[in-house]
Amino acid sequence: MKLAENLNQIKAILPKTVTLVAVSKTKPIDAIQEVYDAGQRIFGENKIQEMTQKWETLPKDIEWHMIGHVQRNKVKYMAEYVHLIHGVDSFKLLKEIDKQAAKHNRVIDCLLQMHIAEEDTKFGLNTLELQQLIETSAFKTLQNIRVVGLMGMATFTTDTQQIKKEFASLKASYNALKTTLPNISILSMGMSADYQIAIDEGSTMVRIGSSIFGKRN
Ligand SMILES: *Cc1c(COP(=O)(O)O)cnc(C)c1O
């Protein structure tokens, strides 16, 4: 019951406008089932193969979110069922998602990932690249993907002012993007360590793993 307790504690403090993605990467089926039984239906994974095995085993009303970096040659394995892809950082990847979604007669929702952190190990677009991507004429021809918002990860630091600044910059990109794509509605930012700051800065979706499932190995 510990995991259900963790889940309920987080849900109690999240504003109603913020969607919770329970990040279950590396965690076993029985742990996910426990959180599912406590009412959670949205889970996030960062490896396509692992997510697909879990999708095959667990209840079919789970919404699976891919939150990790996506390799183009693996998109086909999740195209049948993935609910939202958070980490889209190139037009080539978007095109591949569109192609694989078409094979399943689906429209796959995607978030464009922005690079807001100091570390260069975190993937994502800068503001110029974002602008160029959505202005690509071919972007408008993609029928089987829908860009529904932005995602970003802040620097791993205890400096809360820095984290706040990075989330504010992502929110500014989101507001700017809304003038071109008025239907976007998702700003995915905030993890276990920084989701309170992210919510203060306008997050609509938080991705929380260790605060629900405990530490990963
Ligand atoms: C692992 C991961 C999370 C969750 O991290 P926690 O610190 O365990 O909450 C969120 N977002 C992404 C992209 C991740 O890879």
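The values are calculated or read from the model by the stated rules, or taken from the named source; none is laboratory data. Because the structure is predicted, anything quoted here is derived from the model rather than measured. Heads up, the Cβs are rebuilt from the backbone with ideal geometry, glycines too, and the neighbour counts pull from every protein chain shown. These area figures cover heavy atoms from the full protein model, side chains too; ligands, DNA and RNA do not enter into them. Shrake-Rupley method; radii C 1.70, N 1.55, O 1.52, S 1.80 Å.
So here's what we get for this one:
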{"read-out": "Of Lys2/Lys76; Lys76/Lys140; Lys103/Lys165, those spanning more than 30 Å from alpha-carbon to alpha-carbon", "value": "Lys2/Lys76; Lys103/Lys165"}
{"read-out": "Beta bridges by DSSP in segment 102-217, antiparallel share as percent, to the nearest 5", "value": "0 percent"}
{"read-out": "Separation in nanometres of the label points that stand 7 Å from Cα toward Cβ, at Lys165 and Gln49", "value": "4.0 nm"}
{"read-out": "Dimensions (Å) - the chain, Cα atoms, principal axes, largest first", "value": "52, 43, 30"}
{"read-out": "Relative contact order, percent, segment 1-137 [alpha-carbon distance under 8 Å, six or more residues apart]", "value": "16 percent"}
{"read-out": "Cα→Cβ-extended label distance, 7 Å offset, between Asn217 and Asp30, nm", "value": "1.5 nm"}
{"read-out": "Trypsin sites (Lys or Arg not before Pro) restricted to DSSP loop in segment 130-217 with at most 16 other C-beta within 10 Å", "value": "Lys215, Arg216"}
{"read-out": "Helix-only mean residue ellipticity at 222 nm for the chain, each DSSP H run of n ≥ 4 adding -39500 (n - 2.57), per residue, nearest 500", "value": "-12000 deg cm²/dmol"}
{"read-out": "Residues Thr57 and Leu181, FRET efficiency given R0 of 41 Å [Cβ-Cβ distance, rounded to 0.05]", "value": "0.70"}
{"read-out": "Heavy-atom accessible area per residue - the chain, 1.4 Å, Å²", "value": "50 Å²"}
{"read-out": "Only Lys, Arg (+1) and Asp, Glu (-1) charged, at Cβ; the chain dipole about Cα centre in debye", "value": "460 debye"}
{"read-out": "Sulfur and carbon atoms: percent of accessible area, segment 161-208 [1.4 Å]", "value": "55 percent"}
{"read-out": "Extension gain, Phe139 back to Glu80 (0.36 nm per residue minus Cα-Cα distance, nm)", "value": "19.1 nm"}
{"read-out": "Scattering profile of segment 86-206 at q = 0.12, 0.18 Å⁻¹ [log10 I(q)/I(0), Debye over alpha-carbon scatterers]", "value": "-0.43, -0.90"}
{"read-out": "Inter-part distance where segment 150-217 and segment 1-80 are each reduced to a Cα centre, Å", "value": "18 Å"}
{"read-out": "Within straight-line cross-link reach of Lys122, aspartates and glutamates at Cα separation under 12 Å, skipping those fewer than 8 residues along the same chain", "value": "Asp89"}
